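No lab work stands behind these numbers, since they all come straight from the coordinates. Since we're looking at a predicted model, the values are computed, not measured. For neighbour counting, all protein chains shown are included, and Cβ atoms are generated from backbone atoms with ideal geometry for every residue, glycine included.
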Amino acid sequence: MSFASALAGPAAGLALALTAVPAAPAAAQEESPCAPYEIVAAALNERYHEAPVARMLSDRGFVIEILASADGTTATVLGIQAGGTACVLATGSAFALVDPAAAPAPGTGA
């Protein structure tokens, strides 16, 4: 995925926040767009009305945060480094919380 395509969809609102990011070599363009968490979260809230709905500590030592709009129309997954830099890992739509007790285990066919 190129840097430009990573900014498509819900991450497009980050374009203004990331204008200070210099052009990078082709290999670096495969990376996710990153900026200070406060800037990323504010841009997602302002443009898509997304707010944090879930967090976890990854086994690699950074925080994974899911932000979603109240109606689930848009959602963004961020990776947040210890220094406060947030990188967009994924964007999507049709977000819904799942009740683990009520949902069948993946692969069980239930």
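With the cut-off at under 17 Å, measuring from each backbone N in segment 50-78 to a point 7 Å along the Cα-to-Cβ line of ALA94 picks out 69, 71-76.
Positive contributions from Lys and Arg (+1) and negative ones from Asp and Glu (-1), summed over other residues with Cβ under 15 Å from the Cβ of ASN45, come out at -4. Report note on the peptides 39-47, 99-107: ranked by the mean count of other C-beta atoms within 10 Å, highest first, their order is 39-47, 99-107.
Mind checking the full-extension length gain between THR85 and ILE39? Use 0.36 nm per residue of separation minus the Cα-Cα distance, one decimal, nm. All intermediate terms of the calculation are to be shown ahead of the outcome.
Numbers: separation 46, 0.36 × 46 = 16.56 nm, distance 0.95 nm.
Result: 15.6 nm gained on full extension.
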